[in-house]
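The structure appears below as structure tokens.
The values are calculated or read from the model by the stated rules, or taken from the named source; none is laboratory data. A quick note: this is a predicted structure, and the numbers were derived from the prediction, not measured. Using ideal geometry, Cβ is built from the backbone for each residue, glycine included, and neighbour counts are taken over all protein chains shown. Quick note on the areas: whole protein, heavy atoms, side chains included, nothing else; ligands and nucleic acids left out. Shrake-Rupley method; radii C 1.70, N 1.55, O 1.52, S 1.80 Å.
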Amino acid sequence: MKIAFFSSKTYDQNSFTLANAGHAHAMTFFEAPLNADTASMAQGFPAVCVFVNDVVNRPVLETLKAQGTELIVLRCAGFNNVDLNAASELGIRVARVPAYSPHAVAEHALALILTLNRKTHRAYNRVREGNFSLDGLLGFDLAGRTVGVVGAGKIGEIFAHIMEAIGCKVLISDPYPSNTIQEKYEIVPFETLVKASDIISLHCPLTPSTHHLINEAVLSQCKRGVMLINTSRGKMVDTKAAIQALKTGQLGALGLDVYEEEGDLFFADLSSEVIQDDVFMRLLSFPNVLITGHQGFFTREALKNIADTTLANVTAFATGEGEFFEVGTEKIVG
Ligand code: NAI
């Protein structure tokens, strides 16, 4: 099948070219993101492959449909950037990669916590400059601390296991906890988790009900100096409220792999440009804020699994055989 890839990087081309040996799809890689201005590039492609920040709203879907697109394959787990109602009305099917390496994201959340707590990023620079002072590097023992996990699906469950193994007390907030989670952990309402946790880590999907889940009111209920980790989706944290809480010390540390307006920034080299996003630049000014550019998923294992499942989705769509992880209806694996 002819597939147009948007927002593609060299590592996508490499992993998909390897995975395509077993499928023989005709793949065209565009570096441009998908949006209203670029949708015309997909003319004549029955399948379009997109990533987290591509815009797949109603106008884009209408253009794609008029040009012959029948299938959107997301090479990611989250699908909040796709207007599923519009896709359904237009008869465009949407598939995703429900699980490719939940370990990758859970381990990245741990990396953010360890770096923020023990300030290894600062220590690295200091030692290279011959500065062996420990001032400002004081951390705390993670063992014995309470970690609140918001959303205990595939990623949140692994993250909970990791934190428990370190010796933390784990609290879970999830409206649909699995049996394993219910047997192993204390499930509490979100409000209880917020008040009791030393570290809060977000692992639920972005939906209308989780938009700005962390806001001014919630932050005011947290323990003073709480550490907040978001490896899920940027719009779950009200960034301006987080900045206010950082200024007062109510929020003690913030680790982000995602950002509300990351679509204008992430996955591009902007090191020679003036960044126009003042909110983002304010965040960067805090010594207790650590931001990575949506790299939680970025491991060799995950890239291979993403390419394998995405191309298998296209093959299943084309042949009617094999597993097709249609958004909203797919069998969740992992
Ligand atoms: P999942 O679907 O396995 O688990 C999500 C869990 O969140 C479910 O158990 C669900 O019941 C729960 N949930 C739903 N609404 C909730 C709410 N209001 N409060 C608490 N829990 C709620 O998803 P998975 O694979 O664990 O991924 C989680 C999220 O991680 C994705 O939605 C995506 O946004 C993000 N992600 C980030 C990546 C990165 O590179 N930083 C890569 C992959 C996923």
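A few points about this structure:
- Accessible surface of the range 1-108 [probe 1.4 Å, protein heavy atoms]: carbon and sulfur percent: 51
- Of all accessible heavy-atom area on the range 234-334, the percent that carbon and sulfur account for (1.4 Å): 51
- Nonlocal amide H pairs with Glu31, under 5 Å, H built at 1.01 Å: Ser8
- Per the Debye formula on identical point scatterers at the alpha carbon atoms of the chain, with no solvent, log10 I(q)/I(0) at q = 0.08, 0.11, 0.14 Å⁻¹ is -0.41, -0.76, -1.15.
- For the range 272-334 versus the range 93-142, the gap between their alpha-carbon centres in whole angstrom: 19
- Looking at the range 170-309, the accessible area is 49 square angstrom per residue; that uses a 1.4 Å probe and ignores ligands, DNA and RNA.
- Counted residue by residue at 0.36 nm each, then reduced by the alpha carbon distance between them, the extension gain from Asn179 to Asp278 reaches 31.2 nm.
- Here's the picture: charge each Lys and Arg Cβ at +1 and each Asp and Glu Cβ at -1 in the chain, and of Asn131, Val60, Tyr176 the one pushed furthest to the positive end of that dipole is Asn131.
- Residues whose placed amide H lies under 5 Å from that of Ile229, excluding near-sequence neighbours: Ile200, Ser201, Leu202, Gly255
- Student exercise, the chain dipole from Lys, Arg, Asp, Glu Cβ charges, in Debye to nearest 20: 740
- Length-normalised contact order for the range 207-307 - Cα pairs under 8 Å, 6+ apart - percent: 27
- Other-chain or far-sequence residues with amide H under 5 Å of Cys49's (modelled H): Ala4, Phe5, Phe6, Val73
- Under Karplus coefficients 6.51, -1.76 and 1.60, residue-wise ³J(HN,Hα) of the range 283-297 in Hz, glycine/proline x: 4, 5, 7, 8, x, 9, 10, 10, 10, 10, x, 6, 10, x, 7
- Using R0 = 22 Å, the C-beta based FRET efficiency linking Leu114 and Arg300 works out to 0.55.
- Normalising the average separation of contacting C-alpha pairs (under 8 angstrom, six or more residues apart) by the number of residues puts the relative contact order of the range 84-161 at 37 percent.
- With contacts taken as Cα pairs under 8 Å at a separation of at least 6 residues, the chain carries a relative contact order of 18 percent.
- Under 20 Å from the Cα of Lys2 - lysines, other chains or at least 8 residues apart: Lys65
- With a cut-off of 14 Å between beta carbons, the residues surrounding Lys223 carry a summed charge of +2, where Lys and Arg count +1 and Asp and Glu -1.
- Counting only DSSP beta bridges with both residues in the range 148-266, the antiparallel share comes to about 0 percent.
- Computed over the chain with a Gaussian network model linking Cα atoms closer than 10 Å, the most mobile of Gly130, Gly148, Gly22 is Gly130.
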